[in-house]
Structures are given as C-alpha cells and as structure tokens.
Amino acid sequence: MSVEQRPLAWLPHSIAEASLTGRAQSDDLDLPQAWSLMMQTLESAARIVESDPVSRNRVDLAAGMRHLLVLLAAGVDEALRFDPDPILSVQRASTDDIVTWGMECPDCIYTRAAMRGGESYRLFGNRGTARYIGLQTMNGIVSTANELVDELEVDADGNFEVVLSPEERDGNWMRLEGAHPTLTVRHFFYDWDTEVPSALRIERLGDPVDAENFSVGPDVVLSRQLVALGDFVHDNLQFFLQFGGAPPNSFLAPIDRTAMGAAAENRPVIGRWELAPDEALVLEVEPPEGVYWSYSLGNPWWETIHYGRHQSSLNGHQAVVDADGLVRVVLCGHDPGVSNWLDTAGYSNGAMILRCVRTTTAPTPNARVVPFDDIASALPAGTRMVTAEERASVLNRRRRAVHERFAR
C-alpha cells in the first residue's frame, strides 16, 4: 500500500487504530509474515535516510539513523501501551526531549486523556504557573474544541473545572465528538526556572457507556500493530521530509495546521535553514504581540535540536530585544558570543519555526546569510554579547530545567 493510500499512517495513534480496526479480517497476516513486512518497511526507511539529499554530512546521517530509533520508540510505546478500554486519567504523552519528532515545541509539556464516545466528563484541578495552558478536544486528528484556561472561569488560586461532553453545558464547557475522543493539554513555559505545569484530574459524569466489544485475538492485534509500526516509521519520515517546502534560508507565510491536529490558536511561521560551516543566518523580526512566541531549530529529520544540551530555541522571555524594538537572532554552528544565538549543533540544514500562539501578529522574519566572520558588522551597535562563562551558565540552567521538567 502506498503512502497516498494510508494518509494517517504517519501518526502514532494509527497503531492504536490498527489494533481496533485494522484491515479486513481476511487480510490479516500471521505473525511471522507481519514481522517480515515490518522489517522490509523499516529497511525501506533506512534507505531513505541514507539517500535523501538532506543528509549531507556525518552528523546529518547519524541523526537520521538515530531518528529511526526515535520513531520506533514512539511507535513501540504506542503499541505496548494500547488498551481498548484505557484507565481514565490525564497523563504525560510519550514525547519528551529525547523521543522527539515533528518539531515539538521546546517550551512545551504535552499531557492527554482518552475517553469514550457518548460519555461526559469533568476536568478539574489547578492551572499551575506556566505561561500558557491550552486545552484541545479531538476526534482522531480533527480538532473539536480549543480553550485557553485563562479565558475560562478560574478562581484566584488558579483552580478551575470544565465539562467535556457532546451536549452544550452552562459554564466552562468543551465539545466531545467521535467514538474515541481525546483531550490534549499543552503547557508552554516562558521562564523555565520558575514556572510549573498544571495538576489536573478527570472524572466521568453520569453512567458509563458500555465499552466496545473487543473480541479480536491477541495474535491478530499484534500482527496489525507490527504492520502499522513499520508504516508509521516509514511514513512519518517521508511526511516530514516533504513537509513545509520553504526555500533554503527563508520562511513561508504563517499557516493554519488545525487539519493536522494543531491547536487553533497556533500560527506557526515555518522555514528552512541551510548553512556552510563558515556561514551564519541572521533573522530579524518585530516580536509577535500576544501570549506566547518562540524560535526553535530542527535538524534535517524534523527533530527539534536538543534544547537542553544546545541553545537551539529562544522564547519571548529568553530573547533579547534590541533598542529599535526588533529581535535579531544568529544561527550558526559555533558560538559567536551573541546572546541571541541559535546553535545548529553540527547539522548542515534543517527546519526552523517561529511559533505564534494567541498572538495578534504572526510576522515573517527577514533572513540573510552572512560569513561567520562578519556577524558583528551585520548586527547593530549595542547588541547584547555574552562571555564564555555566561554562556556556560545559561546552558547549565537549560539542561537542569529540561531534566526537571520531564523528571516530574
């Protein structure tokens, strides 16, 4: 089956969906056949990594092969944790600073809950102190409702509750649709050292709906998962290699990605960078006006460059604004001593995103390539510089903050 014939196979939840529905029963493979097909699909993915033009140096190639392991880890986690009748809870998604794909946000923790169609729920707890807490209900990949917690009724201590149901309710309410609705909670942090995520619980309202009868045997379930796992790794890799389409060292106009499951208030400005070792890219933009914005860099495989080990991202709290009101950042592989440095970490090319969440503006940055030795002359007088000791301190704080964020 071609990628065009399986348009959602690039998403990890396709593995759970395959467990529930799969192919026609007569098309199910026995386990050795399914394993063999999965291995063939993975071999095809490895050949793509080896031959794709974005793999231009040893760092690029190594990251591509490692990315196959990342996608395998995400898919295997989805398969092993599959439960046709999951426990009702709000829990962390599998994505973190290591299992990263599709340029997840360096400032974000993602949590989620799986529910049953036809039921109603109460989500309640404390918002925490993160810059932004967004709630999204989904029917598969389709967004059903989006709410910013701070636009709901929240008490002075940050406590709130919201009803999730098919029928509209008074007060805080979000619509549910579909047989297997889900809730996604996004926590975007500005100050990594002090902000904390929400503490949320979810409970059913009223009588439960009987769980769907799941009578497929364990051998059939595993066979379907193996096939879907191979498809996920292969198709996710291909999807992001073909995604975006910006020319090198430029950005596309802001886009709506709600059809791919993005939050409605998120307007990403997506670009692509491509630099020689002796080059730098200077980005210049008027800071977006609103709740949250950030820059982040990815490698050729659409992995966010590790933001604990490298300064590969800057948000509206971390970035320095120049005296003329513009933010200028410098992308390159060696520390230029500029405070607003984004580290390309040895890669030759990759993705870059200006995220604009609940902002009134979503500007397209101006981008220009300069020789590394000319960075200082390309920036205005008064650009904030940092010493090697100051940079080391910033990186140490970033690494600790990321570790603590995902250790909770």
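The values are calculated or read from the model by the stated rules, or taken from the named source; none is laboratory data. Every value quoted in this text rests on a predicted model; they were computed, and no experiment measured them. Note that we place each Cβ from the backbone using ideal geometry, even for glycine, and neighbour counts take in every protein chain shown. SASA here: full protein model, heavy atoms, side chains in, ligands and nucleic acids out. Shrake-Rupley method; radii C 1.70, N 1.55, O 1.52, S 1.80 Å.
Just a few scattered comments:
- Restricting the stretch 299-335 to residues that are assigned to a loop (DSSP other than H, G, I, E, B) and among the hydroxyl-bearing types (Ser, Thr, Tyr) leaves a set whose member that is nearest to the chain's Cα centre (by Cα) is 307.
- The listed residue being assigned to a helix (DSSP H, G or I), within 17 Å of residue 240 (Cα to Cα), modelled with pLDDT of 95 or more and touching a Phe, Trp or Tyr at 6+ places or on another chain (Cβ under 8 Å), out of 42, 71: 71
- Single unsatisfied condition, residue 357 versus (1) open to solvent by less than 20 Å² (accessible area, probe 1.4 Å); (2) at pLDDT 95 or above: (2)
- Residue in the stretch 231-240 that is at pLDDT 95 or above, farther than 30 Å from residue 314 by Cα, under 21 Å from the mean Cα position of the chain (by Cα) and hydrophobic (A, V, I, L, M, F, W, C) present: yes
- Taking the criterion of being closer than 30 Å to residue 64 by Cα and either without any contact (Cβ under 8 Å) to a residue 12 or more places away in the chain or over 19 Å from the mean Cα position of the chain (by Cα) (or both), the residues of the stretch 351-372 that qualify are 364, 365, 366, 367, 368, 369, 370, 371, 372.
- Qualifying residue in the stretch 87-97 (condition: part of a loop (DSSP other than H, G, I, E, B), modelled with pLDDT of 95 or more, of a type outside the set (D, E, K, R) and open to solvent by 50 Å² or more (accessible area, probe 1.4 Å)): no
- Total residues in the stretch 105-126 satisfying the condition of being open to solvent by 30 Å² or more (accessible area, probe 1.4 Å) and either over 19 Å from residue 167 (Cβ atoms) or of a type in the set (Phe, Trp, Tyr) (or both): the figure is 5.
- Scanning the stretch 45-88 for residues that are of a type in the set (A, V, I, L, M) and closer than 16 Å to residue 345 by Cα yields a total of 5.
- Flag for residue 162 being open to solvent by less than 10 Å² (accessible area, probe 1.4 Å) and farther than 28 Å from residue 98 by Cβ: yes
- Test result for residue 102, at pLDDT 85 or above and crowded, with 17+ Cβ neighbours inside 10 Å: yes
For every residue, the table says whether it meets (1) surrounded by 16 or more Cβ atoms within 10 Å (Cβ to Cβ); (2) under 26 Å from residue 73 (Cβ atoms); (3) modelled with pLDDT of 90 or more.
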site: 193; (1), (2), (3): no, no, yes
site: 206; (1), (2), (3): no, no, yes
site: 216; (1), (2), (3): yes, yes, no
site: 245; (1), (2), (3): no, no, no
site: 249; (1), (2), (3): yes, no, yes
site: 253; (1), (2), (3): no, no, yes
site: 267; (1), (2), (3): yes, no, no
